[in-house]
1. Can you name the residue in the stretch 184-219 that is of a type in the set (G, A, S) and more than 17 Å from G146 (Cβ to Cβ) and, of all such residues, is modelled with the highest pLDDT?
2. Give me a count of the residues in the stretch 63-90 that are more than 13 Å from Y149 (Cα to Cα), of a type in the set (S, T, N, Q) and either surrounded by fewer than 20 Cβ atoms within 10 Å (Cβ to Cβ) or touching a residue at least 24 places away in the same chain (Cβ under 8 Å) (or both).
3. Give me the pairs, please: first residue somewhere in the stretch 118-140 and under 20 Å from P88 (Cβ atoms) and among the aromatic types (F, W, Y), second residue anywhere and modelled with pLDDT under 90 and crowded, with 18+ Cβ neighbours inside 10 Å, beta-carbon distance under 6 Å, and either six or more positions apart or on two chains.
4. Restricting attention to the stretch 91-114, does a residue exist that is under 19 Å from F229 (Cβ atoms), in contact (Cβ under 8 Å) with a residue 12 or more places away in the chain and in a strand (DSSP E or B)?
5. Going by what's in this entry, would H219 be described as buried (at least 23 other Cβ atoms within 10 Å of the Cβ) and under 25 Å from F81 (Cα atoms)?
6. Just one of the numbered conditions (1) farther than 16 Å from L242 by Cα; (2) without any contact (Cβ under 8 Å) to a residue 40 or more places away in the chain; (3) of a type outside the set (D, E) is not true of S160; which one?
7. When Q166 is evaluated against the numbered criteria (1) farther than 18 Å from A73 by Cβ; (2) assigned to a helix (DSSP H, G or I); (3) touching a residue at least 24 places away in the same chain (Cβ under 8 Å), which criterion, by number, is the only one it fails?
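The values are calculated or read from the model by the stated rules, or taken from the named source; none is laboratory data. The shown structure was predicted, so the numbers you read here are calculated from the model rather than taken from an experiment. All Cβ positions, even for glycine, are placed from backbone atoms using ideal geometry, and neighbour counts span all protein chains on display.
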Amino acid sequence: MAAGGGGQRQGRLAGLAVALVAAAACMVEPVDTPAAPTEPRQPASPSGEVTRADGTDTVEEFRQDMADAQRLAEQYWKEQFEGSSFRPIRQVIPYQRDGEISCGGQEVPRNNAVYCTVSDYIAYDINWSFGAFRQIGDAFVFYLLGHEYAHGVQTRLGISYNFTIQQELQADCMAGAYLGDSVRSGRLTLDDGDLDEFNEGLLAVGDDPGQPWFAEGSHGTPEQRSEAFFRGYERSLSACGLS
């Protein structure tokens with residue numbers, strides 16, 4: 001889903017491995033009483049009803065894309081819950097330093113993005129995320145929010161697995177469904193070739209070959225992650241095992 005003019009994105013997918021491994025990784029469980037985040041800041045208010053993944057790379061455009069991704073995710077999941085009352089994730093918080101925020105007494109490190117179950121927030125290292133955004137494009141922002149938001153939805157639905165890899169591959173599938181359905185509804189538009197680029201990027205972010213599938217923190221092989229995402233993208237939530 002990397003967006004924008006074709007030439008602008010060529011040769012940049014190598015950086016996706018560095019950018020997305022941590023971003024897609026974290027659903028933080030509490031280990032103690034939660035600490036309040038320091039200086040929480042919300043993204044700028046989005047404008048307009050149609051979001052275009054356009055490959056822009058300024059600070060203002062990053063903030064707008066982050067806000068748009070959050071708005072689209074909230075709108076999408078509210079519709080999926082239909083008659084029941086959907087509670088959006090409480091906050092999306094940018095941070096800059098190790099220990100600036102914590103989840104249940106567990107410090108959130110730099111160069112990461114997390115969903116905190118106990119305090120119901122998504123937090124992301126703004127400097128790292130913006131660097132990845134400039135290198136990779138809008139795909140990073142929409143996938144980042146989509147994957148972490150999926151963890152929040154898993155929590156709301158009471159979904160729990162014995163192995164991290166099950167939780168993470170389902171979140172990849174749910175992120176794919178959110179993005180695919182948003183494109184089909186016309187709320188998000190992509191340029192030609194974006195799906196091919198995104199597929200190449202997903203193939204770069206799987207676990208190392210020696211990583212046991214049952215280990216804590218495992219996310220799946222490159223092929224498993226790509227397959228999970230595009231299964232959701234093409235077939236929507238019915239492919240993600242939510243029922």
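1. Across the stretch 184-219, the extreme among qualifying residues is G186.
2. Residues meeting the conditions: 3.
3. Y124/A113
4. Checking the stretch 91-114: at least one residue is under 19 Å from F229 (Cβ atoms), in contact (Cβ under 8 Å) with a residue 12 or more places away in the chain and in a strand (DSSP E or B).
5. no
6. Just one mismatch for S160, condition (1).
7. (3)
For (1) at pLDDT below 85; (2) crowded, with 17+ Cβ neighbours inside 10 Å; (3) under 23 Å from L169 (Cβ atoms), each residue gets a yes or a no:
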| position | (1), (2), (3) |
| --- | --- |
| A25 | yes, yes, yes |
| P34 | yes, yes, no |
| Q42 | yes, no, no |
| S47 | yes, no, no |
| A53 | yes, yes, no |
| E60 | no, no, no |
| Y95 | no, yes, no |
